[in-house]
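Here the structure is laid out as structure tokens; the discussion comes afterwards.
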Amino acid sequence: MADDSTLYWLGLAHVEGLGVRGAHRLIERFGSPQAVYYASLTELEGCGLRAPVAQAIFAQAGLKDAEKQLEAAAKAGFQLVPLSSDSYPPLLKQIADPPLALYVRGDVEALAEYAVAMVGTRRPTAYGSSVAHRLAADLAQRRLTIVSGLARGIDSACHRGALEAKGRTVAVLGSGLDVLYPRENKNLADRIAESGAVISEFPLGTSPAPENFPIRNRIISGVALGVVIVEAAEYSGSLITARLALEQNREVFAVPGNVTSAQSFGPNHLIKQGAKLVDQWIDVIEEFPASVRERLLPPVGAPADALDQTAPGGGPSLFEQSLTPEQKLVFEALRLDEALFVDSICGAVSLSQPRVLTALLHLEMNGLIRQLPGKNFIRKL
């Protein structure tokens, strides 16, 4: 996957004292990583760099380390995806400080699909683990890639839920790909890489230092359309991910929890601050743009059980009953982009008003439509 420019992208990542944002400023100034290395010392110093950093770049610092990383990655079967590559996650390119390159184990194509991030505490309650597993499975069945951090607890439950639903999941590490943490998740990482991907911006050999995890959290939120917080204590790193998601203009969702549980502080606090409350998969998908929902959900007029078949593997639906012909008729008369008054719905179908109201009630109870003030109704799907 590495192209000729990958060496220079990696080289800048290895220049001590430069940093990701500093590298981006230089690339913006000179046009490419290669051009940065071809710049004169005077030009580099004119960019406001500290003298030792400018001198290091002028002396081609970082390129030898980059060569070693490329060789080691190839030997291990990992792929390197620089920011300039078409395989680089498109949403991640949009954040303020995207990684200069990603180390990828598994299927690079998994990084280009619609994704939702799910994170939480390493010490979940039984409720939190169960909800995380079920919600991840339900979202994965709808062709959403589940992104998380491979940590103990909620992260692991989310990865496993996606895998058991025969969906895709991506794990973002706070260490090098060859230094897996925690070690007990090795088998889980192997399973993830078979259909999804394990990724990191950290060079091979990087240990899981505590300071790495807040850095990697911007990738977890950056590759996704939104972030779901399942359980998180008051000072949890998951709340850092939620804050980063807001800064990146991503949706933030939270699963409510027991008010007496310390692990529920994070999601409950986020809900009070305006995060979307989530208790089923549709609560997540309905917040995405219409163009995304159309890709994830069955088309209008599809069989009622198509809600179960929108992803490989199928699986049990949250809706236990199929729609009746009358419910289908009313459902198809509603719109995604405009709420309709009940009288307008009655005029659009050949049913009496009582039957229309009955059908609307069932559709609302099944989570397929939403009632707005003034007896107006709009489709969720």
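Data table
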{"read-out": "Region 251-267, residues that are out of contact with any strand residue (DSSP E or B) (no Cβ under 6 Å at 6 or more places or on another chain) and among the aliphatic types (A, V, I, L, M)", "value": "255, 259, 262"}
{"read-out": "Considering residues of region 254-301 that are hydroxyl-bearing (Ser, Thr, Tyr) and in contact (Cβ under 8 Å) with a residue 24 or more places away in the chain only, the residue nearest to residue 142 (Cα to Cα)", "value": "264"}
{"read-out": "Out of 150, 144, 139, 163, sole residue that is touching a strand residue (DSSP E or B) at 6+ places or on another chain (Cβ under 7 Å), surrounded by fewer than 23 Cβ atoms within 10 Å (Cβ to Cβ) and of a type in the set (A, V, I, L, M, F, W, C)", "value": "163"}
{"read-out": "Which numbered condition residue 75 fails, given (1) closer than 15 Å to residue 102 by Cβ; (2) without any contact (Cβ under 8 Å) to a residue 24 or more places away in the chain", "value": "(1)"}
{"read-out": "Extreme residue, farthest from the chain's Cα centre (by Cα), among residues of region 334-357 that are over 20 Å from residue 373 (Cβ atoms) and surrounded by 14 or more Cβ atoms within 10 Å (Cβ to Cβ)", "value": "351"}
{"read-out": "Residue count, region 358-368 (criterion: part of a helix (DSSP H, G or I) and surrounded by 13 or more Cβ atoms within 10 Å (Cβ to Cβ))", "value": "7"}
{"read-out": "All helices (runs of 4 or more DSSP H) inside region 120-229 with 1 or more residues being outside the structural domain of residue 83 (by TED's automatic domain parsing) and under 18 Å from residue 240 (Cα atoms)", "value": "154-164, 212-222"}
{"read-out": "Pair list, Cβ under 9 Å, 6 or more apart: region 88-107 residue modelled with pLDDT of 95 or more, other residue part of a loop (DSSP other than H, G, I, E, B) and among the basic types (Lys, Arg)", "value": "91/250; 107/168"}
{"read-out": "Members of region 37-93 found to be surrounded by 15 or more Cβ atoms within 10 Å (Cβ to Cβ), among the hydrophobic types (A, V, I, L, M, F, W, C) and assigned to a loop (DSSP other than H, G, I, E, B), listed by number", "value": "39, 47, 49, 61, 78, 83, 91"}
{"read-out": "Lone qualifier among 258, 249 - being loosely packed, with under 14 Cβ neighbours inside 10 Å, within 14 Å of the chain's Cα centre (by Cα) and assigned to a loop (DSSP other than H, G, I, E, B)", "value": "249"}
{"read-out": "Filtered residues of region 272-295 (kept if assigned to a loop (DSSP other than H, G, I, E, B) and of a type in the set (A, V, I, L, M, F, W, C))", "value": "275, 278, 288"}
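Residue by residue, here is whether (1) hydroxyl-bearing (Ser, Thr, Tyr); (2) assigned by TED's automatic domain parsing to the domain that holds residue 212; (3) in contact with a Gly (Cβ under 8 Å, 6 or more places away or on another chain) holds:
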site: 22; (1), (2), (3): no, no, no
site: 29; (1), (2), (3): no, no, no
site: 38; (1), (2), (3): yes, no, no
site: 46; (1), (2), (3): no, no, no
site: 54; (1), (2), (3): no, no, no
site: 62; (1), (2), (3): no, no, yes
site: 68; (1), (2), (3): no, no, no
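The values are calculated or read from the model by the stated rules, or taken from the named source; none is laboratory data. What you are looking at is a predicted structure, and each value in this text was computed from that prediction instead of being measured. Neighbour counts run over all protein chains shown; Cβ positions are idealised from the backbone, glycine included.
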